[in-house]
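The values are calculated or read from the model by the stated rules, or taken from the named source; none is laboratory data. Here the structure is a predicted model, which means the values were calculated and not measured. Neighbour counts run over all protein chains shown; Cβ positions are idealised from the backbone, glycine included. Accessible surface areas use protein heavy atoms only, side chains included; no ligands, DNA or RNA. Shrake-Rupley method; radii C 1.70, N 1.55, O 1.52, S 1.80 Å.
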Amino acid sequence: MNQRSYSTEAVILSRRNHGEADRLLTIFSKHYGKLRVIAKGIRRTTSRKKGSLELFNHTRMLLIKSKNMDLDADTEIKNDFSPWRKDLKRVGVAYHLSEVVEKLTPESQELGSVFDLLVLAFEKLDKMKYEQLVRFLEELGFLGRNREVPKNLDEFIGDLINGELKTKKFLKTLR
């Protein structure tokens, strides 16, 4: 492998279409933190990578460094969390967790413990509790351990991101 490419485990947090056939992805990787990468040609019907780059997938990605944005060269699914993908409530909670991680983490900073916590939360999404969201905030340094949890966590997160979470209503489902 040359120095222009690197491999990492990652979870796909968000995506949006770019151009005619590409997709911009925000991933959270084990060793490099939050990254924005481009998946070239992913929206073509002939793309072999299409299913591996779905939201929330836990993957192993081979990325190529580029001047503007790193490129996805190859992706292997480690866990697609299929047991809960058809449950709208669980998918909503996954969106919420992804949004919290995306909004509260800096770019390109390794946060392996947050990555592990996110994967664990997705694995146990059917048993996800409000306290686990608090653990994310503790791991990210926004709440001190054993400190009193704010009464309105939604408002607290809103203050941190200087705005509102799109998925804030899913906080209520965790309680």
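Residues that are open to solvent by less than 40 Å² (accessible area, probe 1.4 Å), hydroxyl-bearing (Ser, Thr, Tyr) and under 14 Å from residue 70 (Cα atoms) within segment 5-39 comprise 5, 6, 8, 26, 29, listed in sequence order.
Report yes if residue 118 is at pLDDT 85 or above and either among the small types (Gly, Ala, Ser) or more than 30 Å from residue 40 (Cβ to Cβ) (or both), otherwise no.
no
Residue pairs whose Cβ atoms lie under 8 Å apart, sitting 6 or more positions apart in sequence or on different chains, and linking a residue in segment 126-149 that is modelled with pLDDT under 80 to a partner that is outside any helix (DSSP H, G or I) and open to solvent by less than 50 Å² (accessible area, probe 1.4 Å), are 149/143. Considering segment 98-114, and only residues there that are of a type outside the set (S, T, N, Q) and touching a strand residue (DSSP E or B) at 6+ places or on another chain (Cβ under 6 Å), the residue that is least open to solvent (accessible area, probe 1.4 Å) turns out to be 101.
Does residue 54 count as under 22 Å from residue 83 (Cα atoms) and either among the basic types (Lys, Arg) or modelled with pLDDT of 95 or more (or both)? It is false that residue 54 is under 22 Å from residue 83 (Cα atoms) and either among the basic types (Lys, Arg) or modelled with pLDDT of 95 or more (or both). The one condition from (1) in contact with a His (Cβ under 8 Å, 6 or more places away or on another chain); (2) at pLDDT below 95 that residue 44 does not meet is (1). When segment 4-42 is filtered for residues that are over 18 Å from residue 78 (Cβ atoms), touching a residue at least 12 places away in the same chain (Cβ under 8 Å), not hydrophobic (A, V, I, L, M, F, W, C) and not in a strand (DSSP E or B), the ones remaining, listed by number, are 4, 20, 40, 41. Could you tell me which residue of segment 82-95 is surrounded by the fewest Cβ atoms within 10 Å (Cβ to Cβ), considering only residues that are charged (D, E, K, R) and part of a helix (DSSP H, G or I)? Once the filter is applied, the top-ranked residue is 89. Just one of the listed residues (14, 66) is in contact with a helix residue (DSSP H, G or I) (Cβ under 9 Å, 6 or more places away or on another chain) and of a type in the set (Ser, Thr, Tyr), and it is 14.
You will find that of 79, 57, 68, the residue that is among the polar types (S, T, N, Q) and open to solvent by 50 Å² or more (accessible area, probe 1.4 Å) is 68 and no other. For residue 64, the conditions (1) at pLDDT 95 or above; (2) within 13 Å of the chain's Cα centre (by Cα) are fulfilled apart from (2).
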